[in-house]
Amino acid sequence: MADMDEARIYDDRRRETVAYLATGRGVATVQVASDRVGRFALVHRCVARDVAATADRVYAATPEGVLATDAGGASATGGQAAPSQAEFESLGFPDAVAVTASDGAVLAADADGTVARHSDDAWEPVGTVEEVRALS
């Protein structure tokens, strides 16, 4: 199967999007354009339970804690280039099951239902929930 570049599916109407996925084997990326799936890669090996991405950072909830890395740079199509491998740094917060990021804030929840915000290199509890499925 030809990759996206060879198939020339990129043009002014079809912008590439990089999707980040949490899998039992790690954090994966998938490049998509319109209704076509292109390249995919496992960019970090871990047990990823959830993933959140902003324009410049990617966060993963793992049993070891929340991991973070810089998102790929802009690609020639104006979208975002997917990294082939990424160095994730630990932000702490062990046993994270869900993570979200918005407006510069990172929130995570652990298996016990504690929800916390990451600020100034520390986690600050903001509440609890009974059963964590996702944060948004």
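The values are calculated or read from the model by the stated rules, or taken from the named source; none is laboratory data. Since the model is a prediction, treat every value here as computed from it, not as a measurement. Here Cβ is always computed from backbone atoms with ideal geometry, including for glycine, and neighbour counts include all displayed protein chains.
Would you mind finding the one in THR100, THR128 that is touching a Ser or Thr at 6+ places or on another chain (Cβ under 9 Å), of a type in the set (S, T, N, Q), at pLDDT 95 or above and closer than 17 Å to THR54 by Cβ? So that I can check it myself, show each step before the final result.
Numbers: THR128 fails: closer than 17 Å to THR54 by Cβ.
Of THR100, THR128, the one residue that is touching a Ser or Thr at 6+ places or on another chain (Cβ under 9 Å), of a type in the set (S, T, N, Q), at pLDDT 95 or above and closer than 17 Å to THR54 by Cβ is THR100.
So, ALA53, is that one within 26 Å of TRP123 (Cα to Cα), modelled with pLDDT of 95 or more and among the small types (Gly, Ala, Ser) or not? Outline the logic, then answer.
Details: within 26 Å of TRP123 (Cα to Cα): yes; modelled with pLDDT of 95 or more: no; among the small types (Gly, Ala, Ser): yes.
The answer is no for ALA53.
Are any of the residues in the range 10-31 modelled with pLDDT under 90, exposed (fewer than 14 other Cβ atoms within 10 Å of the Cβ) and within 13 Å of the chain's Cα centre (by Cα)?
No, every residue in the range 10-31 fails to be modelled with pLDDT under 90, exposed (fewer than 14 other Cβ atoms within 10 Å of the Cβ) and within 13 Å of the chain's Cα centre (by Cα).
Please work out if ALA109 is hydrophobic (A, V, I, L, M, F, W, C), within 19 Å of GLU64 (Cα to Cα), at pLDDT 95 or above and touching an Asp or Glu at 6+ places or on another chain (Cβ under 6 Å). Steps first, answer last, please.
Working: hydrophobic (A, V, I, L, M, F, W, C): yes; within 19 Å of GLU64 (Cα to Cα): yes; at pLDDT 95 or above: yes; touching an Asp or Glu at 6+ places or on another chain (Cβ under 6 Å): no.
The answer is no for ALA109.
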